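Encoded as structure tokens, the structure appears first; notes follow it.
Just so it is clear, none of the values below were taken in a lab; they were calculated from the coordinates. Just so we're clear, the structure is a prediction, and the values are computed from it rather than from any experiment. Cβ placement follows ideal geometry from the backbone for every residue including glycine, while neighbour counts extend to all protein chains displayed.
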Amino acid sequence: MIDRDATGASVDWAWRETLAEALRPATARLVEPEEHGRPAPGAGTVAKVEVGWFDYARRRACVGAQGEPFAWSARFARRTLGLAALGELPAVGYRSDRALARAREAASDSGLGEWLATLPPGGVEATLAEAATWLAAAVAVVGPGQVAELAWEQPGARIDWRAPRSPLVLSARAEGATSDHRRATNLGLIRLVDHTATTADERSEAGWLAVLHAVRFGVAPNRVIVADLRRRRRRTHRVDDALLTEGVAVLSAASADAVAAKLGDHDRADTVLTPGRHCRWCARRGVCPVGPAE
Amino acid sequence: MWAPMSDPSPSTLAPERSTVALAQVLRRVATDPPNPVGAEDLDALLHLLEGAARQAVDGLPADALPLRAPKAAIADALRCPRFALARRGLPFGEGQPDAQAKRRRGIAADLLVSHLLAGGDLAGDPRQLVLGAWTARGEHDELAALEQADDAERTRFETDCAELAEALRADWQGATGLVIDAAWWPRTQTTATLALADGDVLVSVRPDVELGGPAARLPPVIVEVKATALGNEHTFDLNLYALLVSLRDGRTPGALLHWSPANGWVELPPVTADVVESAARRLADAIGQLGALARGEPPQERPGAHCAWCPDAQVCPTSASTGRS
């Protein structure tokens, strides 16, 4: 499906069709059959089902795991501010303090800016300290000489795609690219991660991102570069049909899982819950019948 | 072994006392950095640790992997494997009130340093600055624990914050502001993770402060911030950080510094091949002990000062605190 001999990127929606087909079992559960007056057994009517890598990874650890509703914290803000600052660095002589000041100013009209404005004394500095740490690690792993050569996404760094005629919204994260993804010649997408993943999970997430880029923009990237901020290690995953096929399979499994969670499949009494390290981030830890791991 | 850069008496916190020394260290590292440990030496240490890690996870079931070795677990395992096992999984807030107060003081020191480096000064009520940092970081357990503390504990926390802030202003700020220039890219609570045995062993440390490094294009400098006086274990902590930062960045730090209100700035000996090798051998020992604990082997008992705050002290046959050792 990928023609790597082409001199320029050409738009190809084949992967969109492939993914839509793979998602059909999951999306079918969310759509009321038109020919009947009432939902089919097991079907539900929901406004939106979000499918993201982190929720999928969380539920693979324990099917009952649930994330906290999103609320800004220094931990979330560090990536947003740090990423914005990354793009500002060349313009401020590679001074992190100035780049972060610009990033903060740029965020003033956003939800992040509103949250920063509500913080008590010491809160903004704690957030900026986290962002400074993130930024230094990002520059170190990318390479100071490479920062200006790359395109950095602002500020959400998300690729969203809604499955056709469905409330299923699939999303991926990409912090940067080796060129403007709208021209997309020899395109490399960059993930900056500050968690430690296994090689298999890293490849799965790379396939996930590559597929969503292909279905959203009609162009598959040539490679996905995963930069691990904690280990200062970069690994390049070449995007070929095998990786994209794996990506479709993972997206399909994650969508089925997200739909099952949304429709309450995992809330039955016979659901097997798996305590572990992930319990500390689970919104249900206070009411879990199994309880946090020792 | 240590070389205090100035009079360690806390009663002599004149602005010139430590800030001059810190500025001198940074200037020296920037202009005349020590020779870093060679890449071949670092590769040999990595090989040593790989061997220890593979041995440690040999036979471990998949659900016990990855074997995680954060700094606290490493330090505990080196002190006493039974102590490490007893402390593992201790819920938040457990432990004697005095230990909680010390822990809270240590966190306050870290947060005030973060504030100083990010904001450039420590203006305002230092206790409020710590509470504000906890709020931003979503540390609801810390806020709730302080809320539920009695008057004496809250007063102690307020006093600790004030004392730490005074010492930080004296030692980290000069007449024109923060002694550390922004060109050093000062940052706090950084992470250095080392994955061994194909990711089955994860060693991770979080140095309190890092300066320089690849982003700043300056040799790295590591600072350990302690609310209590310098102890022998802090030397190992810093050498362990030096090892992991070296393996992460491919370059050994140009200086290791310890700061506490009691001692001010103290510079540790240069990071040589011997220093990182010693840290690597101790780390290999700790990984082996943690692997044995994960396999459910009976933990070794090594009595010492740590018995005083070991949860198993009353039942351990070799505990120093029971007088039966």
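Legend: calculated FRET efficiency, A:Thr118 to B:Gln55, from the Cβ-Cβ distance at R0 = 30 Å, rounded to 0.05, equals 0.05.
The tail of the calculated P(r) for segment A:111-216 beyond 17 Å holds 65 percent of all Cα-Cα pairs. Neighbouring Cβ atoms from other chains, within 10 Å of the Cβ of residues in B:107-120, number 4 on average. For chain B, the pair-distance distribution built from all alpha carbon pairs, in bins 10 Å wide starting at 0, is 5, 24, 31, 27, 11, 1 percent. Whole-percent P(r), segment B:37-194, all Cα pairs, 10 Å bins from 0: 8, 27, 27, 24, 13, 1. Relative intensity of the protein assembly as shown on a log10 scale, I(q)/I(0) at q = 0.07, 0.08, 0.11 Å⁻¹, equals -0.49, -0.64, -1.22, per a Debye sum over C-alpha point scatterers of equal strength in the absence of solvent.
The alpha carbons of segment B:118-235 give a radius of gyration and a Dmax of 17.4, 51 Å, in that order. For the segment A:137-146, counting C-beta atoms of other chains within 10 Å of every residue's C-beta and taking the mean gives 4.
Ordering B:Ile222, B:Ile74 from the fewest to the most neighbouring beta carbons within 10 Å gives B:Ile74, B:Ile222. Taking one quarter of the surface of the convex hull spanned by the alpha-carbon atoms of segment A:54-144 gives a direction-averaged projected area of 7.1 nm². The order of the peptides B:246-256, A:52-62 by mean Cβ neighbours within 10 Å, most packed first, is B:246-256, A:52-62. For the segment A:88-101, counting C-beta atoms of other chains within 10 Å of every residue's C-beta and taking the mean gives 2. With neighbours defined as other Cβ atoms within 10 Å of a residue's Cβ, the residues B:Asp208, A:Asp270, A:Asp241 order from fewest to most as A:Asp270, A:Asp241, B:Asp208. Amide H contacts for B:Leu230 (H built 1.01 Å from N in the peptide plane; partners 5 or more residues away or on another chain; cut-off under 5 Å): B:Asn263. Residues whose amide H falls under 5 Å from that of B:Thr252, counting only those 5 or more places apart or on a different chain, are B:Val37, with hydrogens built in the peptide plane. Convex hull volume of the C-alpha atoms in segment A:151-294, normalised per residue: 145 Å³. Measuring r between the beta carbons of A:Arg238 and A:Val11 and using R0 = 22 Å, the FRET efficiency lands at 0.55.
For segment B:72-78, putting each phi into the Karplus relation 6.51 cos²θ - 1.76 cosθ + 1.60 with θ = phi - 60° gives couplings of 4, 5, 4, 4, 5, 5, 6 Hz, in residue order, rounded to whole numbers and with x for Gly and Pro.
Segment A:226-269 has equivalent-ellipsoid semi-axes of 31, 17, 6 Å, by the square roots of 5 times the alpha carbon gyration tensor eigenvalues, sorted largest first.
Kirkwood hydrodynamic radius computed over segment B:92-151 comes to 12.2 Å, based on all pairs of distinct alpha carbons. Using C-alpha pairs under 8 Å with a sequence gap of at least 6, the mean separation divided by the residue count of segment A:67-146 gives a relative contact order of 42 percent. Cα convex hull, chain A: 160 Å³ per residue, rounded to a whole number. Where in segment A:225-255 does the amide nitrogen come within less than 18 Å of the point 7 Å from the Cα of A:Glu21, taken along Cα to Cβ? Zone members listed by number: A:241-253. Semi-axis lengths, largest first, of the ellipsoid equivalent to segment B:158-316 are 31, 23, 13 Å, with √(5λ) applied to each eigenvalue of the Cα gyration tensor.
Distances between placed amide hydrogens fall under 5 Å for B:Val209 paired with B:Gln189, B:Val223, B:Val225, all partners being 5 or more residues away or on another chain. Panel order for B:Glu158, A:Glu246, B:Glu297, by other beta carbons found within 10 Å of each beta carbon, from fewest to most: B:Glu297, B:Glu158, A:Glu246.
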